[in-house]
Amino acid sequence: MMAAQVLQEADKTTGEEQLRAVVEMLQQEKQLLEQRPYVQLEEKTKRLRQACFKANYKKRRLLALEAGEAPRRITPKY
């Protein structure tokens, strides 16, 4: 039982270290974009932004459905 707890703690610290590294990378990229707005985002950053947008969209949609609102659809105007 103790070994499992030690492994879980090791995983937790490894995950926290990875998270810190990712946050640091994103902060550096943000500073670079502020200094040079014409620079393209890295592919990993683009995927992260897309995943965050998708998760937030799903959360908003789920909350709207739970509240009883009808899903909104944007109809194109021709």
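The numbers here are math on the coordinates, done by the rules we state, and not lab data. Just so it is clear, the model here is predicted, and its values are computed rather than measured. Glycine also receives a Cβ, built like all others from the backbone with ideal geometry; neighbour counts cover every protein chain displayed.
General observations
- Potential lengthening between Val22 and Glu42 on full extension [0.36 nm per residue; Cα-Cα distance subtracted]: 5.9 nm
- Take the Cα of Leu65, step 7 Å toward its Cβ, do the same at Gln50, and the gap between the two points is 2.3 nm.
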